[in-house]
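S.K.: Provided herewith is a single structure, encoded as structure tokens, for subsequent inquiry.
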Amino acid sequence: DRMSAFQVARQMLALQQKSNILDAVSYIMRHVNSDGLFFVAPPDGAPRYALRATYWKDSTPPGKNDADYPIVFTLPHVQNMAGLKAGLQMLRLLHNELTPEERETARQVGTTIPRMREALNEILWDSEYKTFIIGKDATTTIRGISSDALYASAYMEPTDMPKGRMRTVANTSRALATPIGYRGLAEADTRRARRAAEKAGAVFDDYHTDPV
């Protein structure tokens, strides 16, 4: 039947892409620290990247000229957690085709996902703002009501958050609403980030905070 054909096709695709799947999940796991957070940092031996902007909407983090690496952003954390979930599903399809070493990789993926979920809800949740933090680097927690939390929800499953938390995020995100769409950062947080940037002598680019 159609479902059986789909399952066969999915397994064939997983087999064809096995090495790529293993490379992808291994890369993600190398960037998950002991706290279960997906981090971004330059390669060993390099103090920083060639470009200042490595993720946050192709801009520097709000209120800062440069990140103090390593840095964690909530949205990529959730995206990479979703990537591990998808990778694990594919590896489970291939269980009989995996070497003992590859099965160990799959096992590690399975233990990493709950650690990332716990970090999301325990470390990246901002109980005062009632949303997820934008990110945190070695010196600063980057707080604010950002559209990142809404984007992150697209990569989550209901079990990734305590019951009712997604509704809380949605209610908090009303601060982003405008007549034509959602801002990147709430107005009050944009003003705060602008003041912090001016105080630090940093460049503040409102292109990524004001438009919708």
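S.K.: Would you point out the residue of region 22-53, among those that are at pLDDT 85 or above and over 23 Å from Ala119 (Cβ atoms), that is most open to solvent (accessible area, probe 1.4 Å)?
M.R.: Checked region 22-53; the qualifying residue most open to solvent (accessible area, probe 1.4 Å) is Asp23.
S.K.: So which residues in region 55-88 are surrounded by fewer than 16 Cβ atoms within 10 Å (Cβ to Cβ) and modelled with pLDDT of 95 or more?
M.R.: If the condition is that a residue be surrounded by fewer than 16 Cβ atoms within 10 Å (Cβ to Cβ) and modelled with pLDDT of 95 or more, then Ala86 is the only one that fits.
S.K.: With respect to Tyr155, is the statement that it is in a helix (DSSP H, G or I), in contact (Cβ under 8 Å) with a residue 24 or more places away in the chain and among the hydroxyl-bearing types (Ser, Thr, Tyr) true?
M.R.: So Tyr155 does not fit the description; no.
Yes/no per residue for (1) open to solvent by 40 Å² or more (accessible area, probe 1.4 Å); (2) among the aliphatic types (A, V, I, L, M); (3) modelled with pLDDT of 95 or more; (4) touching a strand residue (DSSP E or B) at 6+ places or on another chain (Cβ under 8 Å):
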residue: Arg167; (1), (2), (3), (4): yes, no, yes, no
residue: Arg174; (1), (2), (3), (4): yes, no, yes, no
residue: Glu187; (1), (2), (3), (4): yes, no, no, no
residue: Ala202; (1), (2), (3), (4): no, yes, no, no
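S.K.: Out of the residues in region 106-133 that are surrounded by 18 or more Cβ atoms within 10 Å (Cβ to Cβ) and closer than 25 Å to Gln7 by Cα, state the one that is farthest from the chain's Cα centre (by Cα).
M.R.: Ranking the candidates gives Ala106 first.
S.K.: Can Thr178 be described as without any contact (Cβ under 8 Å) to a residue 40 or more places away in the chain, out of contact with any His (no Cβ under 6 Å at 6 or more places or on another chain) and farther than 18 Å from Met81 by Cα?
M.R.: For Thr178, the condition - without any contact (Cβ under 8 Å) to a residue 40 or more places away in the chain, out of contact with any His (no Cβ under 6 Å at 6 or more places or on another chain) and farther than 18 Å from Met81 by Cα - is met.
S.K.: Can you work out which of the residues in region 134-165 that are open to solvent by 40 Å² or more (accessible area, probe 1.4 Å) and closer than 23 Å to Asp68 by Cα is farthest from the chain's Cα centre (by Cα)?
M.R.: Applying the filter and picking the extreme gives Thr139.
The values are calculated or read from the model by the stated rules, or taken from the named source; none is laboratory data. Bear in mind that the values here come from a model prediction, so they are computed numbers and not experimental data. Cβ sites come from the backbone with ideal geometry, for glycine too, and all protein chains shown count toward neighbours. We work out accessible area using only protein heavy atoms, side chains counted, and drop any ligands, DNA or RNA first. Shrake-Rupley method; radii C 1.70, N 1.55, O 1.52, S 1.80 Å.
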